[in-house]
Amino acid sequence: MSETINVTQLAADMVALQAEVTALKSRVATTKADQDEALDTIWMIYATSLIFFMHSGFSLLEAGSVRFRNTQNILVKNLMVVTVGFLCWWSVGWAIAFGVDWRAPVSEASDFNGSRGWFMHGLWDNSSMMKFWFFQGMFCATGGTIVSGSMAERTKIKGFTIYVMAMTTVIYPFVVYWSWSTRGFLNRYTDDTMTSMESIFGPPLIDFAGSGVVHMVGGVGALLGAAIVGPRKDRFHPGTDDAFDGHNMPFCVMGTFFLWFGWYGFNPGSTGYMHTAADAWKAALVAVNTTMAPCLGGLTVFFLRARVLQPKRLDVGGFCNGILAGLVGVTAACANIKPWEAAIIGAIAGCLYQGASMILPKLQIDDVVDAFPVHGVCGCWSILAAGLFGDPSEKHGGNGSLYGGDQFPTQIGSALIIIAWSGGWSILVLLPLRIIGFLRLSDNFQDKGADMMEHSPAKAYITHEHNGLTHTMA
């Protein structure tokens, strides 16, 4: 009888133990999921904060590149990009870029645009998307900032703000949907198993951190903005080159370092996750490549201007833009290539930047900060480089034609579509603004400086104080 009781008790204990083990496994799984989400959120907020810091770099670089009398005016535009841009992203941009019912079959999604999540509707019930909204919104604001520098010193704030609204509600979000939503026609899942992707050209677009989506879109807008608003008054009159030099080279150098620093959020942060060893390895590879390319880009331009091109002088501003050219050049393929490939891509980006920088003045296009050569030309090169470099056998997502891959046609086709879209919309927005007088500052404004004509205080710097009186620079 006692043996029967012991067996019964043992069986009951085993059932209870099994239940405890099952409960423990559930708690461990829940804890791991919570920790994974926490790690990913910390990583994304950190990366996004670095990208936000890039706006201080843009501000310094652009302020240093303009003449003293327009310093506050360009800084206001940088502030407008972030504040107005995020409001547009919140209200409209996000819904177009990522407004998808993720639970619905892939075949039911539009190939062209999202249509859910206006004013962040629905994100409250999906808190894991908050970090993604924040990260992508910062990318959106960056696209508008690229344009501000090219049109500096002769563009009205109201006209520029209208263009920023168009950029952050229409131009940029549609390109994001096509490229990054996993439902758009440039990069979409083939079926509901979500195991493979395609584009209308075959392989899906490779643009890991946005050379085409962000930089080329902004760079094309910068070119057309500079062309449509026209050059600064007297900019291309003979003998006036020195009169249009930027007023603060230290600002340009500091701005370049700030941007480079922020790029370590822009590129490594695009992994989107940081809870596995594979995530960490990918982010580390991206960071290394984000270091190699700007080194070669900057040195290439510095050497060309010092030893090859007239006046054969040490050009600090050119060095800065060469660094930025290398950064843009590697952004599309930074997760799919080896460091030596990143170095080659950066060096070629430096050469392409230099060529474009020399061509624009001959066309009398006044791009104050060389935004188009840096972001437009090198953004396009970056997209094409992702189709050339990256060995498929390395299993890092590369599919380069130099290794027998078939990626290049997708990259060319995607680049042409993005250029046509951003260029067409930029013309549709900017040209009417110029015609109705909302875009270009008058010659009187340009002669006296926008700071004095419409800002308070009227000057950006205070030099010293003497006998209780404050003296400002003229």
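The values are calculated or read from the model by the stated rules, or taken from the named source; none is laboratory data. Values in this document were obtained by computation on a predicted structure and should not be read as measured data. Here Cβ is always computed from backbone atoms with ideal geometry, including for glycine, and neighbour counts include all displayed protein chains. Accessible surface areas use protein heavy atoms only, side chains included; no ligands, DNA or RNA. Shrake-Rupley method; radii C 1.70, N 1.55, O 1.52, S 1.80 Å.
Here are a few things to note about the model shown:
- Note on the chain: dipole from Cβ charges, positive end direction compared against VAL82, PHE139, LEU50; the farthest Cα belongs to VAL82.
- Amide H partners (placed H, <5 Å) of ARG440, local residues excluded: LYS156
- For the range 177-192, backbone phi angles converted through the Karplus equation (6.51, -1.76, 1.60; θ = phi - 60°) give residue-by-residue couplings of 4, 4, 9, 10, 7, 6, 10, x, 6, 9, 6, 9, 5, 7, 7, 6 Hz, Gly and Pro being listed as x.
- DSSP-assigned coil residues among trypsin sites (Lys or Arg not before Pro) in the range 348-441, each with at most 10 further Cβ atoms within 10 Å: LYS395
- Value of relative contact order over the chain, rounded to a whole percent, pairs C-alpha under 8 Å and six or more apart: 20
- Descending Cα extents along the principal axes, the range 9-103, whole Å: 90, 28, 13
- Links that overshoot a 27 Å alpha carbon limit, given the list LYS77/LYS338; LYS312/LYS448; LYS32/LYS131; LYS131/LYS282; LYS131/LYS156; LYS32/LYS338: LYS77/LYS338; LYS312/LYS448; LYS131/LYS156; LYS32/LYS338
- Degrees between helix 217-229 axis and first principal axis of the chain (Cα, 0 to 90, nearest 10): 20
- Distance from the range 62-119 to the range 212-226 (C-alpha centre basis), Å: 14
- For the range 266-271, 3J(HN,Hα) computed residue by residue from phi via the Karplus equation (6.51, -1.76, 1.60; θ = phi - 60°) reads 4, 8, x, x, 6, 4 Hz, glycine and proline entered as x.
- Taking every protein chain into account, the accessible area of the chain amounts to 44 square angstrom per residue (probe 1.4 Å).
- Computed helical MRE - 222 nm, the chain, DSSP H runs ≥ 4 contributing -39500 (n - 2.57), nearest 500: -20000 deg cm²/dmol
- Each label point was placed 7 Å from the Cα along the Cα-to-Cβ direction; for GLN310 and LEU39 their separation is 5.9 nm.
- In order along the range 349-360, the Karplus-derived 3J(HN,Hα) couplings, from 6.51 cos²θ - 1.76 cosθ + 1.60 at θ = phi - 60°, round to 4, x, 5, 5, 4, 4, x, 5, 5, 7, 6, 4 Hz, and Gly and Pro are given as x.
- Tilt relative to the chain, helix 316-330 - C-alpha long axis, 0 to 90 degrees, to 10: 30
- Nearest-ten-degree value, helix 2-65 long axis tilted from longest Cα axis of the chain: 0
- Here the chain exposes an accessible surface that is 66 percent carbon and sulfur, computed with a 1.4 Å probe and the other protein chains kept in place.
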